[in-house]
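Beneath this line is the structure, given in structure tokens, with notes to follow.
The values are calculated or read from the model by the stated rules, or taken from the named source; none is laboratory data. Not measured: the values here are computed from a predicted model. So basically every Cβ, Gly included, is an ideal-geometry build from the backbone, and we count neighbours across all protein chains shown. Keep in mind that these areas ignore ligands, DNA and RNA; they rest on the heavy atoms of the full protein, side chains included. Shrake-Rupley method; radii C 1.70, N 1.55, O 1.52, S 1.80 Å.
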Amino acid sequence: TNGATNGATNGTHDPEKIITVFDDPNNFNVKHALQHAWTLWFTKPPSGKQDWNELLKEVISFDSVEEFWGIYNNITPASELAQKSDYHLFKKGVRPEWEDPQNKTGGRWAYTFKGGNRANDDVWLHIMLAAIGETLEEDADNEVMGVVVNIRKGFWRVGLWTRTAGQAPKKGAAAAAAAAANAAATTTEGDKEEGKKRLEKIGRRFKSVLQLPEQELVEFSGHADSAHSGSSRAKAKFSV
Amino acid sequence: PKPKPAHLKLETNKRVEPAEPTPGMQALKSARFLEIKEDAKYPDGFKSPNPALNQGGAKLGRAYDRDFLMQFQSVFKEKPTVDWDQKVKDTLGSGDEPGSARTASAR
């Protein structure tokens with residue numbers, strides 16, 4: 001035996017033989033792990049006077065490529081969602097809300113498709129695949145919290161939520177750094193610039209997943225700014 | 001005159017068996033995670049994840065490009081659970097109430 005095929009030796013009952021879903025979708029014995037576990041959420045359009053909290057529903061969590069497809073192939077496509085619905089695909093343990101402590105100082109990249117309220121299923125699928133496949137950011141970035149599709153009246157929108165909003169570190173940390181280095185201003189500005197660059201790189205990858213023409217802009221805004229403006233249409237902090 | 005129809009006989013004592021998980025569902029549940037060092041060979045016509053994405057760092061072997069991921073779309077179609085359709089209906093809406101997924105007639 002040469003072990004050329006997945007380390008298999010002989011016989012069909014070799015317990016060591018690796019069987020992928022491509023070999024046999026009914027009898028595979030290995031699956032493909034994702035780097036993170038993810039949770040799919042759904043926002044139900046209001047039909048009465050419920051709180052937004054009651055409309056946000058956790059659908060399911062998963063941590064393998066195979067599980068993702070089992071879900072995707074058996075759930076309502078984004079193109080068939082009613083107005084005021086959202087899908088949110090977030091890292092497990094993060095609620096898709098500004099109020100979640102892990103989102104408080106974060107922000108999001110977003111792009112609005114105007115002139116229709118029916119999502120393009122391929123666009124939404126490609127964004128989800130980029131998120132679970134870990135191709136939106138570098139290892140050390142640790143920025144991506146989740147991705148969202150919103151169906152609204154006359155438009156639909158996709159978003160990518162990030163952990164930071166390119167802000168300088170918290171006052172406490174900055175003050176400590178200042179005391180140590182005695183150069184508070186430069187340190188803070190340097191961090192800010194670095195944060196912005198990191199987010200812009202992620203924004204460009206998001207834009208390329210969307211396959212937008214170069215002149216179309218995706219815009220970044222901080223959640224805190226959006227909350228203060230009372231809507232999700234806060235002035236963009238930056239765009240790519 | 002027409003004869004009176006016989007009484008409708010309903011078998012009420014027949015037990016409804018809970019749905020059985022399919023082989024695919026069971027395979028997904030019992031499968032272990034492929035380890036990075038195993039370097040699985042895929043059947044002819046299927047490609048491995050782009051090695052450029054997996055050259056090191058924390059996500060070694062756990063980064064997947066779109067082409068690799070898309071290969072699963074037509075291969076794995078199992079529902080996550082036997083009661084999945086009901087769960088989707090309960091969570092997303094049945095389509096016949098306002099504020100749920102679009103109804104067939106709305107398409």
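Once the dipole of segment A:125-165 is set up with Lys and Arg at +1 and Asp and Glu at -1 on Cβ about the Cα centre, which of A:Leu125, A:Ile151, A:Leu136 lies farthest towards its positive end?
A:Ile151
Return the Cα extents of segment A:14-147 along principal axes one, two and three, sorted largest first, each rounded to a whole Å.
Each principal axis gives a Cα extent; for segment A:14-147 these are 59, 35, 28 Å.
To the nearest whole number, what is the average tally of beta carbon atoms from other chains within 10 Å of the beta carbons of peptide B:75-83?
If you average over the peptide's residues, the count of other-chain Cβ atoms is 6.
When we measure straight from the Cα of B:Lys41, which aspartates and glutamates land under 15 angstrom away, once same-chain ones fewer than 8 places off are left out?
B:Lys41 reaches A:Glu16, A:Asp23, A:Asp24.
Can you pick out the pairs among A:Lys91/B:Lys87; B:Lys4/B:Lys87; A:Lys197/B:Lys37; A:Lys49/A:Lys91; A:Lys44/A:Lys196 whose Cα atoms lie more than 32 Å from each other?
Distance filter (> 32 Å) returns B:Lys4/B:Lys87; A:Lys197/B:Lys37; A:Lys44/A:Lys196.
Would you tell me the accessible area of A:Ile151, worked out with a 1.4 angstrom probe on the heavy atoms of the protein chains, in Å² to the nearest 10?
Its heavy atoms expose roughly 0 Å² to the probe.
Am I reading the B/A interface right? What is its buried accessible area, both sides, 1.4 Å probe, to the nearest 100 Å²?
Buried area between the two chains comes out at roughly 5000 Å².
Taking all protein chains together and a probe of 1.4 Å, list B:Lys4, A:Lys31, A:Lys237 from the most accessible to the least accessible.
B:Lys4, A:Lys237, A:Lys31
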